[in-house]
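Read through the structure below, which is laid out as structure tokens, and then see the notes.
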Amino acid sequence: MTNDIAGLDKSDVALIIGSDTSECHPVIAARLKKAAMDGKVKIIVIDPKRIKMADFATIYACQRPGTDVAVLNGMMHLIIKNGWEDKKFIEERTEGYEALKEEVAKFTPEYVEKISGIPAKTLEEIAELFGKAPTAALYYAMGITQHTTGVDNVKSTANLQMLCGNMGKVGGGVNPLRGQSNVQGACDMGGLPNVFPAYQKIGDAAVQEKFEKFWGVKLSDKPGMTMTVAFDKAHAGEMKAFYIMGENPMVSDPDLHHAEESLKRLEFLVVEDIFMTETAQMAHVVLPASSPAEKDGTFSNTERRVQLLFKAVNAPGQAKHDWEIHQMIANKMGLNWNYTKAEEIFDEMRKCTPSYAGLTYKRLGFAGMHWPCPNEEHPGTPVLHIGKFSRGLGLFTAIPFKEPAEMPDKDYPWYFTTGRVLQQYHTGTMSRKTPGLNNLAGPHVMISVEDAEALGISNSGKVKVSTRRGSLITNAFVTKRCPKGTVFMPFHFAEAAANKLTINALDPIAKIPEYKVCACKIEKA
Amino acid sequence: MDMIKILRMAVNNEVEAHDFYDGAAAKTTNKSLKSIFVELAGEELKHKLLLESFLADGGKKLHFAETTDYKIAETVELPKLTVGMSFVDAIALAMKKEEEAMKMYRNFADASSSAEQKEMFTQLARMEQGHKARLETLYTDTAFVEAW
């Protein structure tokens, strides 16, 4: 997030697009709901499903899946046409505006209605509310990123916020809500294929030299590959071994038949996890790790706040801290690591991670601190880009609309989209061990009342869902929250794994799969 | 050195700084870089005008509020001025130059034998520290890119 959670109720308007906030980020959702109920913030929700946040919204618009660029371009078209753009901000802090203006010119409300299904009048109301707001925030999650146009979608959110001058101020910003409690921290630490900690580029000579000197080893200057690409390589027999930590791709990967076949073709698979997951069951070696309650360390949350994690109980049996497991392996491989606690590793990390340099366990305390925090005297940075963007002038990008990789057709006439429910977490490795949660939320497919009636499907009745990747049978959840022609499936459930059906089509830059759109067929089972 | 001479020296330092950024702005074709150099040159002009206003009454009202010094400039190396330097390096360079100026006035203050002279240099050091603090905020805002 460019902004902090505390500033959330300082917005006049909050646009939620591609985020089922109350299901996936309930703490932030609760704050947004309260801000709306207190009359502080007007909420706009744009989503294919009528998500719960829509009940708190001033305007809700139902879009067809995969039409975000068209919708955002349409909003910008109207904002420019009506003179609601922030001319001073555009002039002083951005470049590339003319190209953007030219691109969005064709996205009239009528044209956007044809693409997205959002009535022209609704789009006009949205543009007016958002465009006239003194301060407006934008929130998104995987509904924006998990598309073959994920990068385009993200750039469009930045275009809109720069156009309206909503960057670099309290209550504004582009605020991606991260999908996991510490995915921000994992990325900050270089858990990505092409960067060292703090996004320092692999292959940059100065960076390379710095880390080789710091760690005392020769390092490859070739970026690695994303997980989605690695699975393709395993499938092709080009990769022979995987070491998977805290990830359950046998439930979370797109097109699970492909994922399963890829893992089976490996010569060696190691899984480090806290439970015997579907992926661990395929491993040659399973290394038992400790759960969050059993270890010390830090979590960096979606607002860049680094928070201390305090151990509450000992890990059971042979389970160890992740760092202990890695140290044992490193030493078996001939190194001489002698860390005795997580804090020692954190302190070493601070020396090569400029954005974390000023964060110590003592300073983090119980409240945590926001990075960037360049030294121990600095108070941290809750809001980014107040004065300038990292590249100086913010760059507008003219983005044409592209359809998703697979659209409904006569054989597979429905949109199929996936996501989460509040009661379960990701692949269910932790949450599905709790019977109470399983009683609250089991496998299902959400289907519109109109579609259910036409197919003779009743609530909790069995439904066969098929895509070009496969079929499964699950329970129907007939609801007004789903529009006609679109079905939604949560992906938490291995016994009715939505990802058996999803498409392994990737964004060409980020290599993220298009979990949010493909075509399916529904039948009464 | 009397107070007027000290203030004149400070004005000249600001003019030099202005010319430095003005020249850098003229040389680069990068739009972002040009804009920050133009802005920095403008800032130095403002400092010059401010000091001249103090000079008009003999420097008697010269006073700057103390700002918190997070010492961020002190954590980076002075980047080399080039037309192809990054935007962040341009800010780092400006931040380092303010640090240098602040330290210079502090050294003058330490070396001053008269209380009046010491106070004048202390105030000028505070002024530069304020400029440094502003640039440090800008640096923190821009230097830690989250992109991969």
When the Cα centres of the range B:97-148 and the range B:1-69 are compared, how far apart do they sit, in Å?
-> 12
Each residue of the range A:25-41 in order: what ³J(HN,Hα) in whole Hz does its phi give by Karplus 6.51 cos²θ - 1.76 cosθ + 1.60, θ = phi - 60°, with x for Gly and Pro?
-> 9, x, 5, 5, 4, 4, 5, 5, 4, 4, 4, 5, 5, 7, x, 7, 10
Based on a Kirkwood Rh over C-alpha pairs, give the Stokes-Einstein translational diffusion coefficient of the range A:5-177 at 4 °C and viscosity 1.567 mPa s in µm²/s.
-> 83
Quick one, can you get me the convex hull of the C-alpha atoms of the range A:67-167 expressed as volume per residue in Å³?
-> 94
Taking the Cβ of B:LYS61 as the centre, find all other residues whose Cβ is under 15 Å away and add up their charges (Lys, Arg: +1; Asp, Glu: -1).
-> -2
The range A:128-209 - Rg over Rh from alpha carbon coordinates, Kirkwood radius | 1.07
Using only atoms on other chains, find how many Cβ atoms lie within 10 Å of each Cβ of peptide A:354-361 and report the average.
-> 2
Which number do you get for Rg(Cα) / (2.2 N^0.38 Å) in chain B?
-> 1.09
Angstrom value of the Kirkwood radius, inverse mean 1/r, which spans all Cα pairs in the range A:212-351 | 17.2
Once the Cα gyration tensor of the range A:22-119 is found, what semi-axes does its equivalent ellipsoid get, as square roots of 5 times the eigenvalues, in whole Å, sorted largest first?
-> 27, 19, 11
Over the range A:284-409, volume per residue of the alpha carbon convex hull, in Å³ | 253
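Under 11 Å from the Cβ of A:HIS147, count the other residues' Cβ atoms, weight Lys and Arg +1, Asp and Glu -1, and hand me the total.
Taking every other residue near A:HIS147 into account, the sum is -3.
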Give me the Kirkwood hydrodynamic radius of the range A:481-523 in Å, from all C-alpha pairs, to one decimal place?
-> 11.9
Using alpha-carbon positions, what is the distance between the centroids of the range A:303-380 and the range A:63-88, in Å?
-> 43
Let me see the pair-distance distribution of the range B:95-148: every alpha carbon pair, 5 Å bin width, integer percents in order.
-> 5, 22, 21, 15, 12, 9, 6, 4, 3, 2, 1, 0
Sequence-distant residues sharing a close amide H with A:ILE244 (under 5 Å, placed H) | A:VAL270, A:VAL271, A:GLU272
Name the long-range amide H neighbours of A:LEU15: under 5 Å, sequence gap of 5 or more, or other chain; modelled H, no Pro or chain starts.
-> A:ILE44, A:ALA137, A:LEU138, A:TYR139
Helix-derived [θ] at 222 nm for the protein assembly as shown: sum -39500 (n - 2.57) over DSSP H runs of at least 4, divide by residue count, nearest 500?
-> -12000 deg cm²/dmol
Antiparallel bridge percentage (DSSP; both residues within the range A:360-503; nearest 5) = 45
Before anything else, pin down the relative contact order of chain A: Cα pairs under 8 Å, at least 6 apart, normalised by residue count, whole percent.
-> 17
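In units of 2.2 N^0.38 Å, what is the alpha-carbon radius of gyration of the protein assembly as shown?
Details: Rg = 28.1 Å, N = 673, 2.2 N^0.38 = 26.1 Å.
This ratio for the protein assembly as shown stands at 1.07.
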Cross-link pairs beyond the 32 Å C-alpha cut-off, checked among B:LYS31/B:LYS96; A:LYS169/B:LYS34; A:LYS213/A:LYS516; A:LYS34/A:LYS169 = A:LYS213/A:LYS516
From the backbone phi of the range B:103-114, what are the Karplus-calculated ³J(HN,Hα) couplings (6.51 cos²θ - 1.76 cosθ + 1.60, θ = phi - 60°) in whole Hz, Gly and Pro given as x?
-> 5, 4, 5, 5, 5, 4, 4, 4, 8, 6, 8, 8
Any idea what Rg and Dmax come out to for the range A:385-500 if you just take the C-alpha atoms, in Å?
-> 18.8, 59
When the distances between all Cα atoms of the range A:227-287 are binned every 10 Å from zero, what whole-number percent does each bin get?
-> 26, 61, 13
In order through the range A:473-490: 3J(HN,Hα) via Karplus (6.51 cos²θ - 1.76 cosθ + 1.60), integer Hz, x for Gly, Pro = 10, 8, 8, 7, 10, 7, 8, 6, 6, 9, x, 4, x, 10, 10, 10, 10, x
Please work out the Cα center distance from the range A:417-443 to the range A:119-181, rounded to the nearest Å.
-> 29
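None of the figures in this text is laboratory data; all of them are computed from the coordinates on show. It should be emphasised that the depicted structure is a prediction, and the values quoted were computed from it without experimental measurement. Cβ coordinates were reconstructed from backbone atoms using ideal geometry, including for glycine residues, and neighbour counts include every protein chain displayed.
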